[in-house]
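What follows is calculated from the coordinates using simple rules that are stated; it is not laboratory data. Computed from a predicted model, the values in this text were never measured in an experiment. When we count neighbours, we look across all protein chains shown, and the Cβ atoms used for this are built from the backbone with ideal geometry, even at glycine.
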């Protein structure tokens, strides 16, 4: 990931995909730099922290239909793959763990479900 890339915030609950939002990465900083900027705050102990340039409002209730979810494609081991369903109509809870890269057509399907990005004020 680098500045200018987009990150989609998703979760799987009870076999359904939820699309909480999207951000355009503005800057990636170390834990030490993030701690300096947010002195006194409890931060996740990870090596990189992302700061957004633009975001959509967060909405953890935005569910993605099963029809759309089944058509989403992601790169896996150098080829395109669909998400894994543990049973018909039930998205596997581990299928989106970690960072996944997606082709433009998948991003466009998700973007149709989101409000426009808004600029983050510093």
Give the separation of the Cα centroids, the stretch 26-64 to the stretch 1-25, in Å. 13
What ranking of 63, 48 emerges when the number of other C-beta atoms within 10 Å of each C-beta is taken as an exposure proxy, fewest first? 48, 63
Rank these for me by crowding, 58, 73, 91, going from fewest to most other beta carbons within 10 Å. 58, 73, 91
Highest GNM mean-square fluctuation among 89, 15, 98, for the chain with Cα springs under 10 Å, belongs to 98
Compute the distance in nm between two label points, each set 7 Å from the Cα along the Cα-to-Cβ direction, one at residue 43 and one at residue 30. 1.1
Please give the length that would be gained between residue 76 and residue 20 if that part of the chain were fully extended, namely 0.36 nm times their separation in residues minus their C-alpha to C-alpha distance (nm, one decimal). 17.9 nm
Give me the one-decimal nm value for the distance between modelled label points at residue 120 and residue 99, 7 Å along each residue's Cα-to-Cβ direction. 1.5
Give me the percent relative contact order of the chain, please, defined on Cα pairs under 8 angstrom at least 6 residues apart. 27
The chain - share of DSSP beta bridges that are antiparallel (%, nearest 5): 100
Normalised per residue, the volume of the convex hull around the Cα set of the chain (Å³): 129
Which value in deg cm²/dmol, rounded to the nearest 500, describes the helix-derived mean residue ellipticity at 222 nm for the chain, given -39,500 (n - 2.57) per DSSP H run of n ≥ 4 and division by the residue count? -4500 deg cm²/dmol
Packing-based exposure ordering (other Cβ within 10 Å, fewest first) of 77, 24, 41: 77, 41, 24
